[in-house]
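Reviewing the structure listed below.
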Amino acid sequence: MPAVQALSSSTRGYPLQIHHAECEVNFQRLARLLPGFAEGHSRRIGLRMAPGHEETVELRVLERSPYTAELELRQSRPLRRGVRTQLRVRAYLDVRMAEVVGCERSPRLLPRYPYPNDKGLARDEKWQLDCLLGEWLACCLAEGHVLAPPLALRA
């Protein structure tokens, strides 16, 4: 894993193969957490972060098309300074990949950013958010418990 971190912080960026591998693993994690997520389900997952502190993560399908599904991953409580994790994820159903396409700070993410920039985003902001998505999903799989069964979206 240290090699991946070194690549992501280099000035030349990260190889596309590593990014695709992360997106493939994120799709598999989503599919395990929310079986049938492509059919319009949502799920609330509880996490015990510290003694006496319970966190809730909600996975919800926002849009569905034949080849993609747009999901939102939302954290119930802010971690610090009122910042709440909220990621918009696009799952590509045909190639079985999932990537972050937006977040609370940037509704639409670009693959790379010039640095410095007005928004204070890192050059590899998208890569970092895809890694954050992977960490959240892995934590939900390892430590989470379902708070309610999957719910179908109402038409």
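The values are calculated or read from the model by the stated rules, or taken from the named source; none is laboratory data. The structure presented is a predicted model; accordingly, all values stated were derived computationally and were not measured. When the accessible area is computed, the model is the full protein with side chains, heavy atoms only, and any ligands, DNA or RNA have been set aside. Shrake-Rupley method; radii C 1.70, N 1.55, O 1.52, S 1.80 Å.
Descriptive notes on the structure:
- Solvent-accessible area per residue for the range 95-139 (1.4 angstrom probe, square angstrom): 55 Å²
- Couplings 3J(HN,Hα) of the range 41-47, computed from phi: 9, 9, 8, 10, 10, x, 10 Hz, in residue order, whole Hz [Karplus 6.51 cos²θ - 1.76 cosθ + 1.60, θ = phi - 60°; x for Gly and Pro].
- Surface exposure of the range 23-62, expressed per residue as accessible area with a 1.4 Å probe, stands at 47 Å².
- Taking every alpha-carbon pair under 8 Å whose residues sit at least 6 apart, the range 39-142 reaches a relative contact order of 15 percent.
- Under 5 Å from the amide H of MET97 lie the amide H atoms of TYR92, each residue being 5 or more positions distant or on a separate chain, with H modelled from the backbone and absent for Pro and chain starts.
- Database remark: amide H of VAL89 closer than 5 angstrom to the amide H of LEU71, GLU72, LEU73, VAL101 (H placed geometrically; neighbours at sequence offset of 5 or more, or on other chains; Pro and chain starts carry no H).
- Under-5 Å amide H pairs with THR68, H placed in peptide plane, nonlocal only: LEU93
- Carbon/sulfur fraction of accessible area - the range 66-137, other protein chains in place, 1.4 Å, %: 52 percent
- The 3J(HN,Hα) values that the Karplus relation (6.51, -1.76, 1.60; θ = phi - 60°) gives for the range 22-34 are, in residue order, 4, 5, 5, 5, 4, 4, 4, 5, 4, 5, 6, 6, 9 Hz. Gly and Pro appear as x.
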